[in-house]
Amino acid sequence: MIDDLELAFDERTEKGQHRRGGTRDPKRKGKGGRGKTVVALLLTFVLLGVLGGGAWYGFDRVQGLFGAPDYEGTGTEQVMIEIKEGEYLADVGNTLLSAGVVKSGKAFVNAADGNEAATKIQPGFYQVRKGMSAESALSMLLDPKSKVTNKITIPEGRSAKQVYKIISDATKIPVADFEAAAKDPLKLGVPDWWFKRSDNKKVTPSIEGFLFPDTYDLPPNATAEGILEEMVQGFLTVTGQIKFADTVPEKLGDISPYEALIVASLAQAEAGNPDDLGKVSRVAYNRLFKPNAEVPCECFEMDVTVNYWLEVQGKPTKTSDQMTAAEMDDPKNPYNRKLKGFIPTPINNPGKLALQGAMDPPKGGWYFFVAIDKQGHSEFAETYAEHEKNMDKSREAGIIS
């Protein structure tokens with residue numbers, strides 16, 4: 001009963017005054033302090049009344065209710081605890097208490113009181129020890145080495161298949177687990193309205209394009225499904241921040257966000273420099289919606305779509321010089337470079353700059369581009385005659401042969 005009352009007392013008196021992030025000042029004076037004193041006295045009288053003739057026998061235990069029982073030393077065996085987003089210091093103290101790390105939650109709150117760094121303890125998993133003094137426990141939580149981290153960086157422009165391999169190598173979670181989890185993008189959090197197209201072609205929901213490239217700090221107990229859910233949430237967060245779904249129809253007219261996502265993935269694959277992402281997107285839109293005598297097919301005509309199909313089939317990808325005309329223009333390939341209109345899905349997972357370039361590309365009448373330096377910058381042209389001159393520049397720089 002004493003332990004239960006102590007926990008309740010910790011929660012009532014400390015919660016709301018020591019939240020991580022410094023939302024309230026733990027040293028604030030006023031009515032709150034007087035109210036705690038009154039509550040403490042009332043609880044003392046009630047407990048002494050219940051104990052009756054044995055009051056003096058239980059006095060030390062009653063004192064413990066208002067004090068802060070604490071261990072001594074730096075603890076024994078290791079134990080892992082989790083601090084969750086938005087928790088108060090009292091919550092952290094109770095987590096430590098439940099794990100047998102500290103002797104009372106109040107001792108931890110007292111140790112943290114007045115320590116500005118304590119309000120900045122980050123959410124995550126920490127390796128601490130059982131039977132520690134509150135001061136020692138606080139020191140461990142403030143030591144970056146105590147935090148259990150598994151940071152994984154997913155670069156822009158990686159296909160889902162490549163993403164699975166990167167994460168699997170780091171976590172030892174089988175690639176097959178990611179493939180199984182990815183079969184239902186809606187279950188992973190992708191809203192169904194994302195899979196709408198203006199051309200009315202049937203869409204088979206795919207996770208491709210929705211695994212946002214970023215650095216992720218994975219928990220020790222991460223699962224394939226949980227990791228993919230976090231990446232989808234990253235995509236939704238970023239596209240929400242840049243107002244992707246609203247800007248696409250505003251700037252591009254009758255083009256759906258999903259179709260713009262496809263273009264963002266093409267630009268991410270083709271642009272050798274971030275400065276050119278928007279221009280490559282404009283080239284893609286021009287080829288589809290403003291065909292002319294030089295580019296009449298209303299198609300993307302980009303080799304990267306062919307390579308994506310080879311990768312999906314488990315075949316090695318090729319450079320443009322290695323591809324045959326039959327491979328590039330195979331009518332059985334749903335990612336055929338001469339396929340009229342949008343290809344079935346994105347071909348990779350584009351980053352924020354590629355998304356911004358695809359939703360609001362610069363104005364220009366370009367149909368061709370080629371890299372002209374080692375930094376990946378491209379020259380853009382409206383006619384093939386101009387493009388040939390740019391290709392000469394590229395050859396001189398040793399970019400193409």
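The values are calculated or read from the model by the stated rules, or taken from the named source; none is laboratory data. Please read all numbers here as calculations on a predicted model, not as lab measurements. For neighbour counting, all protein chains shown are included, and Cβ atoms are generated from backbone atoms with ideal geometry for every residue, glycine included. Heads up: the accessible areas ignore ligands, DNA and RNA and are worked out on the full protein's heavy atoms, side chains in. Shrake-Rupley method; radii C 1.70, N 1.55, O 1.52, S 1.80 Å.
Worth pointing out:
- Here's the list of aspartates and glutamates a cross-link from residue 279 could span, going by alpha-carbon distance under 17 Å and ignoring same-chain residues fewer than 8 apart: 259, 270, 301, 360, 373, 379, 382, 386.
- Per residue, in Å², the accessible surface of region 80-235 once ligands and nucleic acids are set aside, probe 1.4 Å: 46 Å²
- Accessible surface for residue 83 stands near 0 Å², nearest 10, in the context of the full protein assembly shown (1.4 Å probe).
- What the Cα convex hull of region 219-297 gives, in volume per residue, is 137 Å³.
- Semi-axes of the equivalent ellipsoid of region 279-401 are 22, 19, 16 Å, computed as sqrt(5λ) over the eigenvalues of the C-alpha gyration tensor in descending order.
- Alpha carbon centroid spacing (whole Å) that separates region 266-300 from region 347-401: 9 Å
- Pairs from 151/315; 161/374; 201/332; 251/393; 201/251 whose Cα-Cα separation, in the structure shown, is over 24 Å: 151/315; 161/374; 251/393
- By average C-beta atoms within 10 angstrom, highest first, the peptides 289-296, 180-187: 180-187, 289-296
- Region 75-222, accessible surface, carbon-and-sulfur percent (1.4 angstrom probe): 49 percent
- Sequence ranges 220-233, 92-105, 348-361, ranked by mean other-Cβ count within 10 angstrom, highest first: 348-361, 92-105, 220-233
- P(r), alpha carbons of region 77-218 - 10 Å bins starting at zero, rounded %: 10, 30, 20, 21, 14, 4, 1
- Nearest-20 debye value, region 226-352 charge dipole, Cβ charges on Lys, Arg, Asp, Glu: 140 debye
- Out-of-range pairs (alpha-carbon distance over 19 Å; input 103/130; 202/340; 243/290; 165/338; 243/352): 243/290; 165/338
- Positive contributions from Lys and Arg (+1) and negative ones from Asp and Glu (-1), summed over other residues with Cβ under 14 Å from the Cβ of residue 250, come out at -1.
- Around the amide H of residue 299, modelled in the peptide plane, lie the amide H atoms of 341, all under 5 Å away and 5 or more residues distant in sequence or on another chain.
- Spatially proximal aspartates and glutamates relative to residue 120 (Cα-Cα < 13 Å; intrachain offsets below 8 disregarded): 85, 87, 143
- Computed E for residue 297/residue 120 - FRET, C-beta separation, R0 60 angstrom, nearest 0.05: 0.55
- Heavy-atom accessible area per residue - region 242-395, 1.4 Å, Å²: 46 Å²
- Accessible surface of region 257-373, 1.4 Å probe, proportion on carbon and sulfur as whole %: 54 percent
- Mean Cα-pair separation over length for region 189-237, i.e. relative contact order, pairs under 8 Å, 6 or more apart, %: 46 percent
- Debye log10 I(q)/I(0) for region 160-312, one point scatterer per Cα, at q = 0.09, 0.14, 0.15 Å⁻¹: -0.33, -0.79, -0.90
- Net charge contributed by nearby residues that have their C-beta within less than 9 Å of residue 133 (K/R +1, D/E -1): -2
- In nm, spacing of pseudo-spin labels at residue 373 and residue 313 (7 Å Cα→C-beta vector): 3.9 nm
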